[in-house]
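Let me begin by presenting the structure, written as structure tokens, before commenting on it.
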Amino acid sequence: MNFDFYLPTEIIFGVGTVDRVGEIGKRFGYRVLIVTGKKSSKENGALNRVIESLKRNGAEEIFIFDQIEPNPTDKSVNLASEIAVKEKVDYIIGLGGGSSLDSAKAVSIVSSNEGYAWDYVNYPEGPRLIPFLNRPVICIPTTAGTGSEVNRYSVISNNIRKEKLVISHSLNYPKVAIIDPSLTISMKKRLTAMTGIDALMHALESLTNKLSNAFAEDLAIRAIQIIKKWLPIALEEPENIKARSYMSYAAMLAGIAIDRKRVALIHGMEHPVSAHYPSVAHGEGLAALSIAITDFNHKGNTQKYALFAELMGYEPKSSMAVKALEDFLEKVGLRISLKDLGVEREKLEKLTEDVYMLSRGLFAINPVEPTLEDIHRLYERAYEGY
Ligand SMILES: [Fe+2]
């Protein structure tokens with residue numbers, strides 16, 4: 001057995017914990033920038049609760065950047081960073097889904113160093129700039145899937161280049177994650193499913209890839225067990241706080257698992273899809289690709305895929321992992337194809353090239369190392385939906 005573990009993020013978990021943000025934030029200062037999306041954190045009351053808690057605890061200035069889009073762009077990160085610099089904010093709060101959390105973390109890096117957001121993303125050749133400083137970040141998720149609140153990744157899109165890449169650096173961890181499962185209750189059914197599947201894919205990919213980390217694998221195993229049991233309940237009973245709590249917990253476990261063990265080809269092939277089609281949600285793209293890729297991958301790690309099948313309630317055989325995934329996606333309403341998501345067949349060639357240009361760093365750790373022909377074939381299968 002071998003593993004390494006590092007997580008400089010304090011985790012505060014529980015119903016009602018969002019109201020503690022002011023008390024926690026004052027450790028970092030009194031001028032704060034909240035980075036959030038356009039609507040949901042206002043509609044579900046989360047933004048107001050954050051502001052009230054900050055005011056109760058003596059915050060002097062509260063700035064709000066509320067323009068984060070579902071696939072967040074470098075442009076928004078740059079705009080929010082300008083506010084952080086101009087207003088000399090002491091710390092940043094990311095409030096919302098993965099997009100808001102990823103953006104808040106990136107704003108911390110960009111506002112504390114030279115250059116722009118795109119200078120810090122990881123091309124296979126490496127990022128153009130290395131950060132040396134950051135501002136403290138508090139992440140408050142309102143969905144249960146991304147795990148961004150507990151890891152060093154920010155996934156950012158560049159709409160001009162039509163590229164989606166990751167900032168991954170030890171300065172990109174939040175200082176504190178406040179995980180209040182009650183904030184996820186207002187999620188609609190499809191969003192609950194999509195974000196839950198994102199967490200499941202984090203667990204599946206980190207469990208099965210070629211990196212070795214026994215600790216991260218245990219986190220992934222537990223996340224799979226929880227999601228299998230509780231995601232269908234969260235979908236049927238949106239106000240079931242026990243189901244919501246378990247889903248927030250599973251997303252957190254899987255978020256830590258990928259921090260240590262990374263993801264694999266499902267994520268590597270999804271990013272070009274939502275880069276070219278920003279209306280495709282990350283979780284939908286993953287759902288559409290996952291069956292074809294699991295069918296390709298399971299032969300490369302029969303033991304772990306057999307374990308996945310078993311955890312999902314099937315015979316412990318690696319080929320059953322495909323069936324387990326198909327049935328689960330059907331159950332949560334995400335048995336979908338790339339065609340269903342509006343992807344055009346003539347784009348598959350370009351998507352394949354982009355996987356090579358942008359995500360080839362994942363090839364060697366994928367359970368089966370893919371060729372470009374494999375990837376094109378997998379896109380074709382996912383396009384048709386099998
Ligand atoms: Fe993901």
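Sparsely packed loop sites in the stretch 119-175 (the chymotrypsin sites (Phe, Trp or Tyr not before Pro) outside DSSP H, G, I, E and B with at most 16 other Cβ atoms within 10 Å) comprise 132. Of 363, 13, 5, the sequence from fewest to most neighbouring Cβ atoms within 10 angstrom is 5, 13, 363. In terms of its alpha-carbon gyration tensor, the stretch 1-104 comes out rounded; the largest-to-smallest axis ratio a/c stays below the 1.5 threshold.
In the structure shown, the pairs 38/339; 189/242; 55/88 are assessed against 21 Å; a Cα-Cα span above that value is assigned to 38/339. In summary, the lysines within cross-link reach of residue 323, defined as a Cα separation below 18 angstrom excluding same-chain residues under 8 places away, comprise 228, 229, 299, 304, 331. Axis angle, to the nearest 10 degrees, between helix 98-112 and the longest C-alpha principal axis of the chain: 50 degrees.
Proximity of backbone amide H atoms, modeled 1.01 Å from N, is registered between residue 121 and 128 at under 5 Å, excluding neighbours fewer than 5 places apart on the same chain. Shape class of the stretch 69-144 from the Cα gyration tensor (axes a ≥ b ≥ c, square roots of the eigenvalues): oblate, since a/c reaches 1.5 or more and a/b does not exceed b/c. Projecting the Cα atoms of 248, 100, 22 onto the charge dipole of the chain, computed from C-beta unit charges around the Cα centre, puts 22 farthest toward the positive end.
When the charge dipole of the chain is built from unit charges on Cβ atoms (+1 for Lys and Arg, -1 for Asp and Glu) and taken about the Cα centre, the candidate among 366, 238, 127 whose Cα reaches farthest toward its positive end is 238.
Compared with the dominant Cα axis of the chain, that is its longest principal axis, helix 372-384 is turned about 90°. Taking the longest Cα principal axis of the chain as reference, the axis of helix 282-297 is set at about 30 degrees. Listed by chain and number, the aspartates and glutamates placed with their C-alpha closer than 14 angstrom to that of residue 26 are 52, 60, 61, 90; residues fewer than eight positions away on the same chain are left out.
Checking every one of the trypsin sites (Lys or Arg not before Pro) in the stretch 102-201 against DSSP loop status and a limit of 10 other Cβ atoms within 10 Å picks out 188.
Report the charge-dipole magnitude of the stretch 291-386 in Debye, nearest 20, computed about the Cα centre from +1 at each Lys and Arg Cβ and -1 at each Asp and Glu Cβ.
The dipole of the stretch 291-386 has a size of about 200 debye.
The dipole here belongs to the chain: it is taken about the Cα centre, uses +1 on the Cβ of Lys and Arg and -1 on the Cβ of Asp and Glu, and is about 580 debye.
FYI, it's all coordinate maths here, none of it is from the lab. Source: prediction; values computed, not measured. A quick note on method: Cβ atoms are made from the backbone with ideal geometry, for glycine too, and the neighbour counts reach across all protein chains shown.
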